[in-house]
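The values are calculated or read from the model by the stated rules, or taken from the named source; none is laboratory data. No experiment lies behind these values; they were computed from the predicted model shown. Cβ sites come from the backbone with ideal geometry, for glycine too, and all protein chains shown count toward neighbours. Keep in mind that these areas ignore ligands, DNA and RNA; they rest on the heavy atoms of the full protein, side chains included. Shrake-Rupley method; radii C 1.70, N 1.55, O 1.52, S 1.80 Å.
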Amino acid sequence: MRDILSSVRQRLRRAAHATRTSGDAGDGGEDDTVASDDGDPALDGAAVVTDGGTAASGDGIAERLNDRFGDDFTESAPFWLPPFLLVGLFVYGAIAWNFVISLTDYEGFIGPDYSDLDFEMYVRAANDSGVIDATVNTFLLVVAFTAVALAFGMVLAILIDRNIRFENTFRTIYLLPMSLSFVVTAQFWLWMYNYNNGVVNIVLGTAGIGPISWIGNSSLVLWAVVFALVWQFSGYTMVVYLAGLRAIPTEHYEAARVDGASTLKMYWRVILPQLKGSTISAAIVLMVFALKAFDFLYSLVSGYRPPNGADILATKMVREAYSTNNWAYASAIAIILFLMALSIIGPYLYYEYKQGNL
Amino acid sequence: MSDEPLDGSDSTDSTGRTDGIADRLRDDLAGVDGYRVALYVTILAMTAFFLTPIESGLVTAFKTNPEGISSTLPFAPPPPRFFTLEKWQTALAALGRGMVNSALYAVPATILSALLGSFAAYGLTQADWRARYKAPVLTMLVAGIFIPYQAVLVPLSQFWGAMPLQELLTPLWVLGVPEAYTGLVELTITHVAYGIPICMVLFRSYYRNVSEEMIEAARLDGATFRRTYRRIVFPISTPMFAVVLIYQFTQIWNDLLFALILVSTESSPAAPVVLILAGLGESMEGQDFALRMAGAFIAALPTLIVYIMFGEEFAEGVAT
């Protein structure tokens, strides 16, 4: 249906264009080949306007570009091209540059020497237990945080969705931490985890546990960080799931009820499988947040010190670059982190492309 | 604006999923049952979970350090002899210039990235492009959301190091603006560049649902692509601009990494508020938690106000 509409629209547009331009219409020669390799037979033989070699050459280029890339290509270029170039320069140009720097031995204040490129830094990273630990921690943080935040957020969404009173108030409270900076939440949780006077140890103390040094203990700190991040972001998951839950038709609930399914069984068998789309999009965003958890860890240890036991690639990279000036080495770590991110978002973007969302 | 998705779905609830008032009444009467009680107890427990760190932080900010901190419970309000406003004054004095600096780049960067995101979304949604050429452009823009910023930091430092910003901005120094403020210009441009992708995606989801007939009608009437944007698309984007501006402002205000890399020291006259906050209340004698908590609230105030005033728009931006 959409295809028919758009081909009708294109015909109309071309017709309108033809009446506006005084040029000679109907010389379909070269356009036919372009149009047919577009795979849209409806366009072939439509009254296609060309410059026919008579119009000014500047106009000709625009026409040619339009024919090649689409009707509005040149008219829309002023809108999308500047932002695209800015992003292209700052994101893709920078990543490419970063990769080249990672092949140098750049360590000082004078610029990198681009004449001697090799993979030495990657070999060094592969043999550096600090980098290996950071990679493992990054992986653990991403997986644990994403899984827990998804599960917890889903529970919140289901609770909120059970026709409760003051729903808006509760929703607002659950999402509140998401509006705070990583730096701010790190302050709160540093206090919460405080050995002598923090809430966590006081509460656990009433149950006869502790006190426990959450931040100081290298085997606990990563999990303390995961817990705090879940606090900050499960409200986000809740919002995503809530939107998903409310998109499910009422009949599905009723059908499950008629079948005599218990509430628990209904959610497990009928509702959960339908939240796949929400789960995928929320998971991707959470994973990316986890890869960026640098801000939180930097604030937790107040500076460039290694967050002992919770060092992730993001913190390791920034420390290598800005604390010890190992620029090339830091660039190599950054590329490793980038590849980890790519392994998450690559399949996602492909999935979105297949779904026709790109 | 409050009748956007989140609220709109409430009404579907009462009309669609349950049988409306009758069912609700039955629910309430049956509300004494164990299931309903357990539901509310769980919801209240969750509320406590989300509010405790904030509540504990708030009461701590009014306590004297170290006596008040060590002799009261972390979530109890301070008794009069341990109560003080001193930490708030100290925090405000330390963070004040940071608040101004943050606003100086967060506001223009928010507006610019929203505008450019809107332009890009319009050019990639409402224009007739061959899909196979449009898809790569779109994919590259969307992928920009997910880039870990560590992957661009070193080139970013090189880039801004090589840019003769100091010379370009000479007129400003004549006007008495400290030279350290080049950092704020760098932050503005950097945040705009990295903010475009998410803004573009938010606007795109909106523009895809804009009635095609309306835009088509304008085009057929002879309006150019640019004119159509100015006269039709931009005016009807207002609700989405609210969402995007709120989301972007929160992100830019809250970001530490770029501030740290581009301004680097909290003692710089151009230091943003998060940068100062990250090192606040840290000394050889130990950590001044009361000061840290007061600072955290002051630094979070702008985004908290925005969140409380525009919660729906924020949620919409987050969920999209």
* Asked: Going through the stretch A:119-171 one residue at a time, which ones are surrounded by fewer than 19 Cβ atoms within 10 Å (Cβ to Cβ), touching a Gly at 6+ places or on another chain (Cβ under 9 Å) and farther than 16 Å from A:A314 by Cβ?
  -> A:N168
* Per-region count, the stretch B:293-310, residues open to solvent by 20 Å² or more (accessible area, probe 1.4 Å) and within 7 Å of chain A (Cβ to nearest Cβ) -> 1
* Selected residue [closer than 21 Å to A:A341 by Cα and either touching a Phe, Trp or Tyr at 6+ places or on another chain (Cβ under 9 Å) or part of a helix (DSSP H, G or I) (or both)] from A:V155, A:V131 -> A:V131
* For the stretch B:282-292, which residues satisfy the criterion of being touching a residue at least 60 places away in the same chain (Cβ under 8 Å) and open to solvent by 10 Å² or more (accessible area, probe 1.4 Å)? -> B:G286, B:D288, B:F289, B:L291
* Structure fact -> Pairs returned, first residue in the stretch A:344-358 that is under 13 Å from A:I284 (Cα atoms), second residue that is assigned to a loop (DSSP other than H, G, I, E, B) and open to solvent by less than 40 Å² (accessible area, probe 1.4 Å), beta-carbon separation under 9 angstrom, 6 or more apart or interchain, are A:I345/B:I147; A:L349/A:L358; A:E352/A:L358
* Which pairs do you get when a residue that is under 15 Å from B:E282 (Cα atoms), found in the stretch A:173-194, comes within reach of a residue that is among the charged types (D, E, K, R), reach meaning Cβ atoms under 8 angstrom, with the pair 6+ apart or on two chains? -> A:V183/A:D295; A:A186/A:D295; A:Q187/B:R292; A:L190/B:R292; A:W191/B:R292
* Consider only pairs whose beta carbons are under 7 Å apart and that are at least six residues apart or on different chains; among these, list those whose first residue lies in the stretch B:58-72 and is in contact (Cβ under 8 Å) with a residue 40 or more places away in the chain and whose second residue is part of a helix (DSSP H, G or I) and among the hydroxyl-bearing types (S, T, Y). => B:I69/B:T60
* Structure fact -> Residue set B:V37, B:V59, B:V32; condition open to solvent by 50 Å² or more (accessible area, probe 1.4 Å), modelled with pLDDT of 85 or more, closer than 30 Å to A:S234 by Cα and more than 9 Å from chain A (Cβ to nearest Cβ); output residue B:V37
* Meets criteria (on the phi < 0 side of the Ramachandran plot and outside any helix (DSSP H, G or I)) for A:T279 -> no
* Report, ordered by the first and then the second residue, all pairs with beta carbons closer than 6 Å, sequence separation of six or more or different chains, a first member in the stretch A:296-324 that is under 21 Å from A:M340 (Cα atoms) and within 11 Å of chain B (Cβ to nearest Cβ), and a second member that is open to solvent by 10 Å² or more (accessible area, probe 1.4 Å) and not hydroxyl-bearing (S, T, Y). => A:F296/A:F182; A:I312/A:N137; A:E320/A:N326; A:A321/A:W327
* Could you check how many residues of the stretch B:143-169 are open to solvent by less than 20 Å² (accessible area, probe 1.4 Å), in a helix (DSSP H, G or I) and at pLDDT 85 or above? => 11
* Structure fact -> Of the residues in the stretch A:328-355, those that are of a type in the set (F, W, Y), within 7 Å of chain B (Cβ to nearest Cβ) and either surrounded by fewer than 20 Cβ atoms within 10 Å (Cβ to Cβ) or in contact with a Ser or Thr (Cβ under 8 Å, 6 or more places away or on another chain) (or both) number 1
* Asked: When you scan the stretch B:66-86, how many residues do you find that are more than 7 Å from chain A (Cβ to nearest Cβ), open to solvent by 50 Å² or more (accessible area, probe 1.4 Å) and either touching a Cys at 6+ places or on another chain (Cβ under 9 Å) or not aromatic (F, W, Y) (or both)?
  -> 8
* To do: Residues being open to solvent by 50 Å² or more (accessible area, probe 1.4 Å), within 11 Å of chain B (Cβ to nearest Cβ) and under 22 Å from the mean Cα position of the chain (by Cα): count how many of those fall in the stretch A:247-285.
  => 0
* Name the pairs whose Cβ atoms lie under 6 Å apart, with the first residue in the stretch B:153-179 and under 16 Å from A:L89 (Cβ atoms), the second open to solvent by 60 Å² or more (accessible area, probe 1.4 Å) and part of a helix (DSSP H, G or I), and 6 or more positions between them or separate chains? -> B:P155/A:W97
* Asked: Just a yes or no: is a residue in the stretch A:205-222 assigned to a helix (DSSP H, G or I), open to solvent by less than 20 Å² (accessible area, probe 1.4 Å), of a type in the set (A, V, I, L, M) and closer than 28 Å to A:D133 by Cβ?
  -> yes
* Structure fact -> Scanning the stretch A:172-193 for residues that are outside any helix (DSSP H, G or I) and either at the interface with chain B (Cβ under 7 Å from one of its Cβ atoms) or in contact with a His (Cβ under 8 Å, 6 or more places away or on another chain) (or both), the one surrounded by the most Cβ atoms within 10 Å (Cβ to Cβ) turns out to be A:S181
* Check the stretch B:227-246 and report whether any residue there is within 10 Å of chain A (Cβ to nearest Cβ), closer than 15 Å to B:L112 by Cα and either open to solvent by less than 20 Å² (accessible area, probe 1.4 Å) or assigned to a helix (DSSP H, G or I) (or both). => yes
* Asked: Any idea which of A:G244, A:G309 is in a helix (DSSP H, G or I), of a type in the set (G, A, S) and either within 30 Å of A:W223 (Cβ to Cβ) or open to solvent by 50 Å² or more (accessible area, probe 1.4 Å) (or both)?
  -> A:G244
